[in-house]
1. Scan segment 3-12 for residues that are open to solvent by less than 70 Å² (accessible area, probe 1.4 Å) and in a helix (DSSP H, G or I) and report the count.
2. Can you run down the residue pairs with Cβ atoms below 9 Å, 6 or more apart or on separate chains, where the first is in segment 11-39 and more than 21 Å from residue 175 (Cβ to Cβ) and the partner is assigned to a helix (DSSP H, G or I) and among the β-branched types (Val, Ile, Thr)?
3. Taking helices (runs of 4 or more DSSP H) that do not extend beyond segment 13-126, which have at least 1 residues that are in contact with a His (Cβ under 9 Å, 6 or more places away or on another chain) and away from the ligand (no atom under 16 Å from the Cβ)?
4. So which residues in segment 142-198 are in a loop (DSSP other than H, G, I, E, B), in contact with a strand residue (DSSP E or B) (Cβ under 9 Å, 6 or more places away or on another chain), hydrophobic (A, V, I, L, M, F, W, C) and within 16 Å of the ligand (Cβ to nearest atom)?
Amino acid sequence: MIDIKLLNHLESYLTAKRLQRFNSVLDQRTKHFTVATEDVYQLHNTSAVIRSCDVFGVQEVNIVEEVNTKRIDREIAMGAQKWVDLNRFHSVKDCISNLKAKGYQIVATTPHAEDCDLYDFDVTKKSCFFFGRETEGLSDEVIQQADCFLKIPMVGFTESLNISVSAAIILQHATSKLKKTEIDWQLTEEEKLEKRLDWCKKTIKSFDEIVERFYSY
Ligand SMILES: C[S@@+](CC[C@H](N)C(=O)[O-])C[C@H]1O[C@@H](n2cnc3c(N)ncnc32)[C@H](O)[C@@H]1O
């Protein structure tokens, strides 16, 4: 449970403009969709995916680092890693079972899919979009566990899109379509409070000191 009095006190350290921004961003955040990247080699690609998640309102990103354990490129993520929640997994198995336990269907994005074209994708289901490696694409494990396959139609000579470009196209399309439905896609009030506290923590330099002083009165 969030201590509302503490939260109000912390938010009094923020400008009205900053607070308004927190609230308007939170109103567009969703956990109805999430994203997972599987062992992406180039960390600028993972960083760009995180940036797109923030831009299109996807609150949680799952990063599988079974082979690669590089850090996020802060410049390319443009600080977006601060505003979205990063869940890290050392195995794709753990990541998928965690997502399934939370009620997500596993959507394997691939340039080879015959299953579902992006424009026919059913946005009403809680979905995790899985993105694969630059050269090999998704592993057999993800392909076998996938509930469906999703393809961005392509008409050129090139075999596939860059992973971060694919993520941006899919998220832009899926989130805008989702917002036209009657689905309850927004964060719960409790989740919004948790994020407000978390964002205060990441924004206010003397956060710990202020909290300590607040409870010592
Ligand atoms: C450069 S592609 C990988 C190409 C790889 N040779 C393959 O066969 O999948 C990297 C990732 O971007 C995504 N991707 C690329 N093009 C896509 C498309 N047309 N539709 C859906 N996802 C795509 C997939 O997640 C893919 O694993």
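1. Applying the first criterion (open to solvent by less than 70 Å² (accessible area, probe 1.4 Å)) to segment 3-12 yields 3, 6-7, 9-11.
Still in the list and also in a helix (DSSP H, G or I): 6-7, 9-11.
The total comes to 5.
2. Here the result reads 13/203; 13/210; 14/203; 18/203; 38/92; 38/142; 39/92, each pair linking segment 11-39 to a residue that is assigned to a helix (DSSP H, G or I) and among the β-branched types (Val, Ile, Thr).
3. Values: elements: 16-27, 43-56, 74-77, 92-101.
Output list reads 74-77.
4. Scanning segment 142-198 gives 146, 152.
Each row is one residue, and each column tells you yes or no for (1) touching a residue at least 24 places away in the same chain (Cβ under 8 Å); (2) over 30 Å from residue 132 (Cα atoms); (3) surrounded by 17 or more Cβ atoms within 10 Å (Cβ to Cβ); (4) not assigned by TED's automatic domain parsing to the domain that holds residue 115.
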{"position": "155", "(1), (2), (3), (4)": "no, no, no, no"}
{"position": "158", "(1), (2), (3), (4)": "no, no, no, no"}
{"position": "164", "(1), (2), (3), (4)": "yes, no, yes, no"}
{"position": "170", "(1), (2), (3), (4)": "yes, no, yes, no"}
{"position": "176", "(1), (2), (3), (4)": "no, no, no, no"}
{"position": "181", "(1), (2), (3), (4)": "yes, no, no, no"}
{"position": "198", "(1), (2), (3), (4)": "no, no, no, yes"}
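The values are calculated or read from the model by the stated rules, or taken from the named source; none is laboratory data. This is a predicted model, so every value here is computed, not measured. Positions of Cβ are generated from backbone atoms using ideal geometry, with glycine treated the same way; all protein chains shown enter the neighbour counts. For the accessible areas, the whole protein counts, side chains as well, though only heavy atoms, and no ligand, DNA or RNA atoms are used. Shrake-Rupley method; radii C 1.70, N 1.55, O 1.52, S 1.80 Å.
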